[in-house]
1. I'd like to know if region 13-34 contains one or more residues that are of a type in the set (A, V, I, L, M, F, W, C), modelled with pLDDT under 95, under 12 Å from the mean Cα position of the chain (by Cα) and closer than 18 Å to residue 142 by Cα.
2. For region 92-111, give me each residue that is touching a residue at least 12 places away in the same chain (Cβ under 8 Å), within 16 Å of residue 132 (Cβ to Cβ) and outside any loop (DSSP other than H, G, I, E, B).
3. Could you tell me which residue of region 68-122 is modelled with the lowest pLDDT, considering only residues that are charged (D, E, K, R) and exposed (fewer than 15 other Cβ atoms within 10 Å of the Cβ)?
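The values are calculated or read from the model by the stated rules, or taken from the named source; none is laboratory data. Just so we're clear, the structure is a prediction, and the values are computed from it rather than from any experiment. Please note: Cβ atoms are built from the backbone with ideal geometry, for glycine as well, and neighbour counts cover all protein chains shown.
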Amino acid sequence: MERALVVAEDSEVGRQLLKEAATLAAGIDAELVVLQVLDEKRYDGSLERKVQSGNSNQIDSIDDITEELRLTADALASDIVDGVSYQSIGRVGKLPDIIIDTAVNMDCDHIFIVGERRSPTGKVVFGDNAQSVILQFDGPVTTLIDN
């Protein structure tokens, strides 16, 4: 592992995953890319609600949103990552594609992501981003399951 992508999540499990990734990276002198992502469906839904409520003047640009996401990722990493070179990134896009695209574009050879505990039927009906990343990424993927 030379560079790993960590999908940042501000939760207990997300912080634990980032800590584990940083510990591994420190042990082998690897770099981390800390990604905070917003699903485009949630972004589009937020825009629609603001327009319908008459608050269209409060709509943030994609650049503003990605910068806010980057700052959130950086805040998480600065609290947890110690002694490891890292870069914080914010992205808005379709999950899980934006995760895989970012990993490929940043030359990451490993992905760390929080998974959701779901039944096999739940995974089929609702999907699972971690499972999709595991199946689509051409490299190792480490998941930590959130209860």
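1. Looking through region 13-34, none of the residues is of a type in the set (A, V, I, L, M, F, W, C), modelled with pLDDT under 95, under 12 Å from the mean Cα position of the chain (by Cα) and closer than 18 Å to residue 142 by Cα.
2. As a first pass, look at region 92-111 and keep what is touching a residue at least 12 places away in the same chain (Cβ under 8 Å): 92-96, 98-100, 102-103, 106-111.
With within 16 Å of residue 132 (Cβ to Cβ) added as a condition, the list becomes 93-96, 98-100, 102-103, 111.
Once the filter is applied, which keeps residues that are touching a residue at least 12 places away in the same chain (Cβ under 8 Å), within 16 Å of residue 132 (Cβ to Cβ) and outside any loop (DSSP other than H, G, I, E, B), region 92-111 yields 93, 98, 99, 100, 102, 103, 111.
3. In the first step, residues of region 68-122 are kept if they are charged (D, E, K, R); the result is 68, 70, 74, 79, 82, 91, 94, 97, 101, 107, 109, 116-118.
Within this subset, residues satisfying the condition of being exposed (fewer than 15 other Cβ atoms within 10 Å of the Cβ) are 68, 79, 82, 94, 97, 101, 107, 117.
Details: 68: 92, 79: 94, 82: 92, 94: 93, 97: 96, 101: 98, 107: 98, 117: 74.
Out of the qualifying residues, it is 117.
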